[in-house]
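Asks: Here it is: the structure, laid out below.
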Amino acid sequence: MTLMANMDSVRAVQFSNEQLILLDQRLLPNEESYLHYTHVEDVAQAITDMVVRGAPAIGITAAYGIVLAAISQKDQSKLNLNHAFDLLAKSRPTAVNLFWALQKMQEVLSTHNTQSVAEQIEKLFETALAIHQDDIKNNQIMGQLGAELIEAGSQVYTHCNAGALATGGYGTALGVIRAAFTQQKIDQVYAGETRPWLQGARLTAWELMRDNIPVTLSTEGAAGQLLRQGDIKWIIVGADRIAANGDVANKIGTYNLAVLAKHHGVKFMVVAPSSTFDLSIHQGKDIPIEARPMSEVTHIQGHEITPEKCPAINPSFDVTPNELIDAIICEQGILTAPFSDNISALLNHSH
Ligand code: MRU
């Protein structure tokens, strides 16, 4: 298969020989380095430290983290994974895929609690693998669904990295971009650099250039000027948590883009699997927003760029109200306003 046909060559998370293997996303694009994990403590730390990031990828990693914890107890008469669940649940707060995956693993444990430790480990592994494989499948479905909305000859803008790197593979927002590009509907992708971790500049640019999809990098501040020019038809982003009313938490800066898009008549698309919806949260304002260290803003790659001790604020996510969103693409279908009713009709049966 050629790269053009495949267009999905990156795997950020892998599991092999009782080891979790993570592509160290902190080092990209300068180094493609893979770290091997056998201890759940290190896996939780890797999530906190951004070795692996992106809502679905965090969920998949956490599921494999539970498998590692179980394997480390294979000689015990009974599994006790409470500590492992606690550690992983504290690793990052906003992406609900993490809690969704942990809950799936917990359910498997409860269902099989009378079986042997070896059988339970097998069931946990099968579940983690299914979470991973289903994520890739869902991304491919969402790619096709989202591409239906894009007209030939479009330019699009994306934020952060919602690509193969952020998921099991193929990507959510970048999955739609991959599918639409394959269908020759997209001429140009703009990627916002995404301060402070530069997921757009380091990761999205790397991922798209690898697959020969034309990408042009933009600073966050240039977005208004770009949208005013009128060639960009869609802003396409991923999500970390979607409330029952369709409000979307995603990488800080997403809300700014949605406001700009509304002002300039540019359409706004969110692409996220059903594991990103949190129907227990009614509105976006109740979604927990991660506050990351100030040093991520005051320093660039370890070098201080501000006056010493300059205070900084570093919310990692923001909430885009549903009224600024034209479409939410999920593997079960395309959601449009009125979001509360349509989300509940589409997802309630499966939650
Ligand atoms: O802090 P990050 O890099 O984990 O944030 C990632 C995002 O905000 C993504 O847009 C989101 O998780 C969707 S990834 C398919």
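Asks: Using +1 at the Cβ of each Lys and Arg and -1 at the Cβ of each Asp and Glu in the chain, identify which of Gly224, Thr127, Pro321 lies farthest towards the dipole's positive end.
Replies: Farthest towards the positive pole: Gly224.
Asks: Got the relative contact order for the stretch 1-144 handy, in percent, Cα pairs under 8 Å and 6 or more residues apart?
Replies: Reported relative contact order: 21 percent.
Asks: Which of the lysines could a cross-linker bridge to Lys251, judged by Cα under 16 Å and excluding same-chain residues fewer than eight apart?
Replies: Of all the lysines, those that pass the test against Lys251 - Cα under 16 Å, at least 8 places apart if same chain - are Lys285.
Asks: Mean-square fluctuation check for the chain, GNM, Cα pairs under 10 Å: which of Leu102, Leu35, Leu227 is largest?
Replies: Among Leu102, Leu35, Leu227, the largest mean-square fluctuation in the Gaussian network model of the chain belongs to Leu35.
Asks: Set the Förster distance to 35 Å, then compute FRET efficiency between Ile21 and Lys262 from the Cβ-Cβ distance, nearest 0.05.
Replies: 0.25
Asks: What helices does the chain hold that run 30 Å or longer along their axis, going by alpha-carbon atoms, with a Kyte-Doolittle average of -1.0 or more, using DSSP H for the helix calls?
Replies: Membrane-span-like by this rule: 117-147.
Asks: What is the dipole size for the stretch 117-184, taken about its Cα centre, with +1 at each Lys and Arg Cβ and -1 at each Asp and Glu Cβ, in debye to the nearest 20?
Replies: With Lys and Arg at +1 and Asp and Glu at -1, about 200 debye.
Asks: Then there's this: Binning every alpha carbon pair distance of the chain at 10 Å from zero, what are the percents per bin?
Replies: Over the chain, the share of Cα pairs per 10 Å bin runs 6, 26, 34, 24, 9, 2, 0 percent.
Asks: Okay, next question. Positive end of the charge dipole of the stretch 143-350 (Lys, Arg +1 and Asp, Glu -1 on Cβ, about the Cα centre): tell me which of Ile186, Gly163, Pro293 has its Cα farthest that way.
Replies: With unit charges placed on the Cβ atoms, the residue in question is Ile186.
Asks: Hey, what's the stretch 24-98 come to in accessible area per residue, 1.4 Å probe, Å²?
Replies: With all protein chains present, the stretch 24-98 gives 40 Å² per residue.
Asks: Picking from Arg228, Arg26, Arg92, which is most flexible by a Gaussian network model of the chain using Cα springs under 10 Å?
Replies: Arg228
Asks: Taking Lys185 as the anchor, which lysines have their alpha carbon closer than 17 Å to its alpha carbon, excluding any fewer than eight residues away along the same chain?
Replies: In chain and number order, the partners are Lys233, Lys267.
Asks: Next up: Based solely on its DSSP helices, what 222 nm [θ] is calculated for the chain when runs of n ≥ 4 H residues each add -39,500 (n - 2.57) and the sum is averaged over all residues, nearest 500 deg cm²/dmol?
Replies: -11500 deg cm²/dmol
Asks: While we're on this one: May I ask you to rank Arg241, Arg195 by accessible area, largest first, using a 1.4 Å probe over the protein chains only?
Replies: The ordering from most to least exposed comes out as Arg195, Arg241.
Asks: Can you tell me which lysines have their Cα less than 19 Å from the Cα of Lys137? Leave out same-chain residues fewer than eight positions away.
Replies: Cross-link targets: Lys104.
Asks: Could you work out how far the C-alpha centroid of the stretch 177-220 sits from that of the stretch 273-319, in angstrom?
Replies: Using only Cα atoms to place each centre, the spacing works out to 22 Å.
Asks: What residues qualify as long-range amide H neighbours of Tyr190, i.e. H under 5 Å apart, gap of 5 or more or another chain, H built at 1.01 Å from N?
Replies: Val156, Tyr157, Thr158, Thr216
Asks: With the full set of protein chains in place, find how many percent of the accessible area of the stretch 1-158 is carbon and sulfur; take the probe as 1.4 Å.
Replies: 48 percent
Asks: When only Cα pairs under 8 Å and 6 or more residues apart are kept, what is the percent relative contact order across the stretch 140-213?
Replies: Normalised by residue count, the contact order of the stretch 140-213 is 36 percent.
Asks: Taking only Cα atoms and a 10 Å spring cutoff, compute GNM fluctuations for the chain and point out the largest among Met294, Met142, Met105.
Replies: The residue that fluctuates most here is Met294.
Asks: Next up: So what is the accessible area of the stretch 143-350 per residue, in Å², with the probe set to 1.4 Å?
Replies: With all protein chains present, the stretch 143-350 gives 40 Å² per residue.
Asks: Once you keep just the Cα pairs under 8 angstrom separated by 6 or more residues, what percentage relative contact order results for the chain?
Replies: 16 percent
Asks: At 7 Å along the Cα-to-beta-carbon direction for both Thr306 and Glu220, put a label point, then send me their distance in nm to one decimal.
Replies: For Thr306 paired with Glu220, the spin-label model returns 1.2 nm.
The values are calculated or read from the model by the stated rules, or taken from the named source; none is laboratory data. Bear in mind the structure is a predicted one, so any value in this text is a computation, not a measurement. Don't worry about glycine lacking a Cβ; one is built from the backbone with ideal geometry, like all the others, and counts go over all protein chains shown. When the accessible area is computed, the model is the full protein with side chains, heavy atoms only, and any ligands, DNA or RNA have been set aside. Shrake-Rupley method; radii C 1.70, N 1.55, O 1.52, S 1.80 Å.
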